[in-house]
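Okay, structure first, notes after.
The values are calculated or read from the model by the stated rules, or taken from the named source; none is laboratory data. The structure displayed is predicted, hence computed values, not measured ones. Note that we place each Cβ from the backbone using ideal geometry, even for glycine, and neighbour counts take in every protein chain shown.
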Amino acid sequence: MYDREKAQEVRKEKQRWQETTVRKALERFPERYESFMTISGLPVERVYTPDNVVEMDYMRDLGLPGEFPFTRGPYPTMYRGRLWTMRMFAGFGTAEETNRRFKYLLSEGETGLSIAFDMPTLYGYDTDAPEAEGEFGKCGVAVSSLRDMEILLDGIPLDRVTTSMTINSPAAVIWAMYIVTAEKRGIPRRKLGGTIQNDILKEYIAQKEYIFPPDPSMRLVVDTIEFATQEMPLWHPISISGYHIREAGSTAVQELAFTLADGFTYVEAALDRGLDVDAFAPRLSFFFNVHNDFFEEIAKFRAARRIWARAMRDKYGAKKPRSWLLRFHAQTAGCTLTAQQPENNIVRVAIQALAAVLGGAQSLHTNSMDEALALPSEKAVRIALRTQQIIAHETEVTNTIDPLGGSFYVEELTNRLEEAAEEYFRRIEALGGMIAAIERGYPQQEIAEAAFRYQMEVDAKRRIIVGVNEYVQDEPIEIPLLEMDPQGYERQVARLNEVRRTRDNREVLRTLRAVREAARNGKNLMYPILDAVAAYATLGEIMGVLREEFGEWEEPVWF
Amino acid sequence: MNTSRKIRVLIAKPGLDGHDRGAKVVARALRDAGFEVIYTGIRQTPEAIAEAALQEDVDVVGLSILSGAHMALVPKIMRLLRERGMGDVLVLVGGIIPDEDVPKLRAIGVRGVFGPGTLTSDIVAFIRRELGLEDGLDGDHAEEGEGS
């Protein structure tokens, strides 16, 4: 991006500076560490200058916002036109309790819903299944049948808010419940906007909420992509997620590389089904973590957009610019929250959220300060939402697009992250693609290795975590914690039993048979699942049929 | 205890929760500290965990739970361990455990509760001291429910 001769001059000057000015300073004041690195372990130089980025070509590598390769942003006006969507992930206990929380968040200025489901729901079990013991409503809301979904969405204007649902293995069933709920209220499916996470590959890699083996899981994902392409023009049928990969302990490089490699795998699977890349690619969305290393995170988002755009255009032959766009939701890093001195988490979240905004996020969830202790209280959630509103309205960082573009350091980091990701793509390719790599435990082991390295650095105080291994304080923790309805479980099970008693059980059996039939003959499962859901077949019943047909996956155990 | 053999530790993840980052980091740190470590993998039933503890003849059982289901799962595991004559095994729980649950877990025989932010070296020191292998190092191990 700079005149080569001038850059060469800078390089010479920098060398002189190191040998004279810096050396003298170091003799008197040694630096704090022998070498510096990002949280991901990328080396960091003392200062960055034009010679670091002299190989860059501005139009080739950065371009302009809303234009290829989208490094500077997916849209031409970004936050000058519309702020990001403030979307707070919420869900606990019964559908009634979560419905109240949604209405509270909307009344406080939230602009989109994001539903957290409890563990049994995530694993496709009804609340009263033996496997679900003790797990009801703990990490999200329990949804066992259409009846729960109707209560959950009661009074929410589904034609005006968009909804993100964090659901993976049973995504098709939960999505069907959402669609049927809306249609019973007279809102046609083509008008519904939102996202289902539906990213099974990162479940094998990181979060481990898989049920079926990879092949039938991928088939289900492609069924939902195909269905969205045909029937739900405003819906994102998948949110390709790095968030959980990072939470499992990966580096930023691994998060970037594995997430995009997962994305390519879905694209290839959809192409194999015979879908037109320009019909489905604009409906793919992404979800990234935003961790503590401020500049590295911003660079990660910029690199992600550039890698995706180049691959979609040049490798997969997408013609429409919308197919090249990587748009993403970001969530501040849950794993950086400390149980110690939890108020400090407000500060961590604010800094991480700022990095997401400077990295060009389309929507953002900010974590609550008390989440290392329990489910967030209403007050803690409000502060987290206010953090976004303060960034949006008080800091003026939204006035210009990609303000860190052109920073020697940020551009250099963006390039390094891209190169490191490409190295991972080559290794995954050599293993036979992402699914083969997962079956061999490759990304899982890379992540476990990084997680262990990080913990050892914390143990050795090479990394300081305020309040954890330094600035420790022995004070009782005083933050209000969320109280849940103690009768919630009984209420939920009673409702489930009533659904089973009052529905037309012959219709349930008929529709479940149709689900089984489609599972066997390869027809798109979304249509029979919609029928089964509408007949009030429960989540556990529908997933039970698929468990029988597809079998269950067990990962190899190692550490 | 027979001090001529390595201390055997079972790290287990009961319930549906698949968040295994902490379990794996602790398993590896304990192995590096010289213990014999067996890791069950995720989604284990209380029965499977108690049975594995018996079959592997372990001295320590470490349970990792981040989903909030600990008050349903841990008492059951403690009972099943006792039924198998393993009532004296050292049981530790790690994960997101609210303060108010810590005394309840201690009352049923859990000896150590380690929350977020715990250093792995503290867990190693705790196990050594509880098993009487050496003096409790600096005696400054993680307090239950808040790590260190």
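Assess whether A:Ile351 counts as being aliphatic (A, V, I, L, M) and either touching a His at 6+ places or on another chain (Cβ under 9 Å) or closer than 30 Å to A:Asp474 by Cβ (or both). So A:Ile351 passes the test. In the range A:391-400, the residue that is nearest to B:Pro98 (Cα to Cα) out of those that are surrounded by fewer than 21 Cβ atoms within 10 Å (Cβ to Cβ) and within 23 Å of the chain's Cα centre (by Cα) is A:Ala392.
Within the range B:112-128, if we keep just the residues that are over 23 Å from B:Met86 (Cβ atoms) and assigned to a helix (DSSP H, G or I), the residue that is farthest from the other protein chains (Cβ to nearest Cβ) turns out to be B:Ala125. Can you find even one residue in the range A:294-305 that is over 29 Å from A:Ser407 (Cβ atoms) and crowded, with 24+ Cβ neighbours inside 10 Å? No, the range A:294-305 contains no residue that is over 29 Å from A:Ser407 (Cβ atoms) and crowded, with 24+ Cβ neighbours inside 10 Å.
Only one of the listed residues (B:Gly109, B:Gly132) is more than 14 Å from chain A (Cβ to nearest Cβ), closer than 16 Å to B:Asp88 by Cβ, at pLDDT below 95 and surrounded by fewer than 21 Cβ atoms within 10 Å (Cβ to Cβ). That residue is B:Gly132. Residues in the range A:405-458 that are hydroxyl-bearing (Ser, Thr, Tyr) and either free of Cβ contacts under 8 Å to residues at least 12 places away in the same chain or farther than 23 Å from A:Gly263 by Cβ (or both): A:Ser407, A:Tyr409, A:Tyr454. For the range A:201-302, list the helices (runs of 4 or more DSSP H) that sit wholly inside it and hold at least 2 residues that are aromatic (Phe, Trp, Tyr), over 14 Å from the mean Cα position of the chain (by Cα) and within 14 Å of chain B (Cβ to nearest Cβ); which are they? Filter on the range A:201-302 gives an empty set. Across the range A:183-200, the number of residues qualifying as part of a helix (DSSP H, G or I) and farther than 18 Å from A:Thr162 by Cα comes to 1. Out of curiosity, is A:Ser164 more than 14 Å from every other protein chain (Cβ to nearest Cβ), among the small types (Gly, Ala, Ser), over 18 Å from the mean Cα position of the chain (by Cα) and surrounded by 20 or more Cβ atoms within 10 Å (Cβ to Cβ)? Considered against the rule, which asks whether it is more than 14 Å from every other protein chain (Cβ to nearest Cβ), among the small types (Gly, Ala, Ser), over 18 Å from the mean Cα position of the chain (by Cα) and surrounded by 20 or more Cβ atoms within 10 Å (Cβ to Cβ), A:Ser164 comes out as no. For A:Glu31, the test of being of a type outside the set (Gly, Ala, Ser) and assigned to a helix (DSSP H, G or I) is failed. For the range A:123-139, state whether one or more residues are within 11 Å of chain B (Cβ to nearest Cβ), outside any loop (DSSP other than H, G, I, E, B) and among the small types (Gly, Ala, Ser). For the range A:123-139, residues within 11 Å of chain B (Cβ to nearest Cβ), outside any loop (DSSP other than H, G, I, E, B) and among the small types (Gly, Ala, Ser): present. Restricting attention to the range A:191-205, report how many residues are among the basic types (Lys, Arg) and surrounded by fewer than 21 Cβ atoms within 10 Å (Cβ to Cβ). Residues in the range A:191-205 being among the basic types (Lys, Arg) and surrounded by fewer than 21 Cβ atoms within 10 Å (Cβ to Cβ): 1 in total. How many residues are in a helix (DSSP H, G or I) and either exposed (fewer than 11 other Cβ atoms within 10 Å of the Cβ) or acidic (Asp, Glu) (or both) if we restrict to the range A:466-493? Final tally of qualifying residues: 1. For the range B:13-50, which positions are more than 11 Å from every other protein chain (Cβ to nearest Cβ), within 17 Å of B:Ile123 (Cα to Cα) and touching a helix residue (DSSP H, G or I) at 6+ places or on another chain (Cβ under 8 Å)? Correct list: B:Ala33, B:Phe35.
Taking the criterion of being more than 14 Å from chain B (Cβ to nearest Cβ), among the small types (Gly, Ala, Ser) and closer than 24 Å to A:Ile465 by Cα, would at least one residue in the range A:337-351 satisfy it? Yes, there is a match, as at least one residue in the range A:337-351 is more than 14 Å from chain B (Cβ to nearest Cβ), among the small types (Gly, Ala, Ser) and closer than 24 Å to A:Ile465 by Cα. Once the range A:432-465 is narrowed to residues that are β-branched (Val, Ile, Thr) and within 11 Å of chain B (Cβ to nearest Cβ), the residue that is surrounded by the fewest Cβ atoms within 10 Å (Cβ to Cβ) is A:Val458.
Looking at the range A:542-554, which of the residues that are within 14 Å of another protein chain (Cβ to nearest Cβ) and in contact with a Phe, Trp or Tyr (Cβ under 7 Å, 6 or more places away or on another chain) is surrounded by the most Cβ atoms within 10 Å (Cβ to Cβ)? Among those residues, the one meeting the criterion is A:Trp553.
Results for (1) aromatic (Phe, Trp, Tyr); (2) within 17 Å of A:Pro216 (Cβ to Cβ); (3) more than 26 Å from the chain's Cα centre (by Cα); (4) buried (at least 20 other Cβ atoms within 10 Å of the Cβ), shown as yes or no for each residue.
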{"residue": "A:Thr502", "(1), (2), (3), (4)": "no, no, yes, no"}
{"residue": "A:Lys523", "(1), (2), (3), (4)": "no, yes, yes, no"}
{"residue": "A:Met526", "(1), (2), (3), (4)": "no, yes, no, yes"}
{"residue": "A:Gly540", "(1), (2), (3), (4)": "no, no, no, yes"}
{"residue": "A:Val557", "(1), (2), (3), (4)": "no, no, no, no"}
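Scanning the range A:25-74 for residues that are charged (D, E, K, R) and under 25 Å from the mean Cα position of the chain (by Cα) yields A:Glu67, A:Arg72.
Inspection of the range A:170-190 identifies at least one residue that is within 14 Å of chain B (Cβ to nearest Cβ) and buried (at least 24 other Cβ atoms within 10 Å of the Cβ). Among the residues of the range B:93-107, what is the count of those that are closer than 21 Å to A:Phe136 by Cβ and not in a helix (DSSP H, G or I)? The number of residues fulfilling the criteria is 5.
For the structure I just gave you, tell me whether B:Leu54 is farther than 29 Å from A:Asp118 by Cα, more than 8 Å from chain A (Cβ to nearest Cβ) and either without any contact (Cβ under 8 Å) to a residue 40 or more places away in the chain or assigned to a strand (DSSP E or B) (or both). Criteria met by B:Leu54.
Selection within the range B:57-92: residues that are in contact with a strand residue (DSSP E or B) (Cβ under 9 Å, 6 or more places away or on another chain) and in a helix (DSSP H, G or I). The member of this set that is nearest to the other protein chains (Cβ to nearest Cβ) is B:Leu73.
Taking the conditions (1) of a type outside the set (Gly, Ala, Ser); (2) over 13 Å from the mean Cα position of the chain (by Cα); (3) at the interface with another protein chain (Cβ under 8 Å from one of its Cβ atoms); (4) farther than 30 Å from A:Glu470 by Cα in turn, B:Asp99 satisfies each one other than (4). Here A:Asp57 meets each of (1) exposed (fewer than 11 other Cβ atoms within 10 Å of the Cβ); (2) free of Cβ contacts under 8 Å to residues at least 12 places away in the same chain with one exception, condition (2).
Mind checking which residues of the range A:419-435 are over 11 Å from A:Phe264 (Cβ atoms) and assigned to a helix (DSSP H, G or I)? Within the range A:419-435, A:Glu419, A:Ala420, A:Ala421, A:Glu422, A:Glu423, A:Tyr424, A:Arg426, A:Arg427, A:Ala430, A:Ile435 meet the criteria.
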